[in-house]
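All remarks here apply to the structure that follows.
The values are calculated or read from the model by the stated rules, or taken from the named source; none is laboratory data. Keep in mind it's a predicted model, so treat the numbers as computed, not measured. Don't worry about glycine lacking a Cβ; one is built from the backbone with ideal geometry, like all the others, and counts go over all protein chains shown. Heads up: the accessible areas ignore ligands, DNA and RNA and are worked out on the full protein's heavy atoms, side chains in. Shrake-Rupley method; radii C 1.70, N 1.55, O 1.52, S 1.80 Å.
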Amino acid sequence: MSVEDMSLPEALDGFDLTDGLERMLGSPEIYLKFMLKFVQDHADDARGVRENLQKGDRDTAQRLAHTVKGVSGNLSAHDLYAAASRLSDQIKQGVEDLDGALDAFESELKRAVAAVHSLNKV
């Protein structure tokens, strides 16, 4: 998938396109480029968080969730941002039962990735 194969609709599940376009200086091409990079770099981060938590590597798990928080905020994927923020904060605070936060993070990440994939014109 490339930016040339994508078009920005009027609405996109999980994204506030008006806010996102403002963040990208009103450029649909820039917004699409960053959405595509998000999918390429972070589509599998829920698995990465889970695996690192299972290994006891809370620092890496927290860093992954925190990174998705930042990227989703920049893309105006508000529900993913909220889920990533909650998970990142709970990991950092040492919360042991992360199932609810992790499930919400995974669900919102899948939703955002599917939405970006739906932009493919081909």
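Since only His78, Pro28, Thr60 are under comparison, the one whose Cα sits farthest along the positive direction of the charge dipole of the range 25-95, derived from C-beta charges on Lys, Arg, Asp and Glu, is Thr60. Given R0 = 22 Å, the distance between the Cβ atoms of Ala43 and Asp97 translates into a calculated FRET efficiency of 0.30.
When the accessible area of the chain is split by element with a 1.4 Å probe, what percent falls to carbon and sulfur?
Details: 3190 of 6640 Å².
On the chain, the fraction of accessible area on carbon and sulfur atoms equals 48 percent.
Using a Gaussian network for the chain with springs between C-alpha atoms less than 10 Å apart, which of these wobbles most: Leu102, Leu12, Leu75? Its mean-square fluctuation being the largest, the pick is Leu12. Annotated for the chain: lysine pairs at least 8 residues apart or interchain, Cα distance under 26 Å, count 13. Among the listed options (1) 14.6, 45; (2) 16.6, 56; (3) 15.1, 49, the one matching Rg and Dmax of the Cα atoms in Å as calculated from these coordinates is (1). Normalising the average separation of contacting C-alpha pairs (under 8 angstrom, six or more residues apart) by the number of residues puts the relative contact order of the chain at 35 percent.
Residue order by solvent-accessible surface for Glu29, Glu108, Glu10 is Glu10, Glu29, Glu108, largest first, with ligands and nucleic acids left out and a 1.4 Å probe.
Remark: the chain carries 54 Å² of accessible area per residue (probe radius 1.4 Å; ligands, DNA and RNA excluded). Which one, Asp97, Asp89, Asp45, has the greatest fluctuation when you compute a Gaussian network model over the chain with C-alpha springs under 10 angstrom? Checking each option, the largest mean-square fluctuation is seen for Asp97. Take each peptide in 76-88, 46-58, count the other Cβ atoms within 10 Å of every residue, and average; sorted highest first, the result is 76-88, 46-58. Think of each Lys and Arg Cβ as +1 and each Asp and Glu Cβ as -1; about the Cα centre, that makes the dipole of the chain roughly 260 debye.
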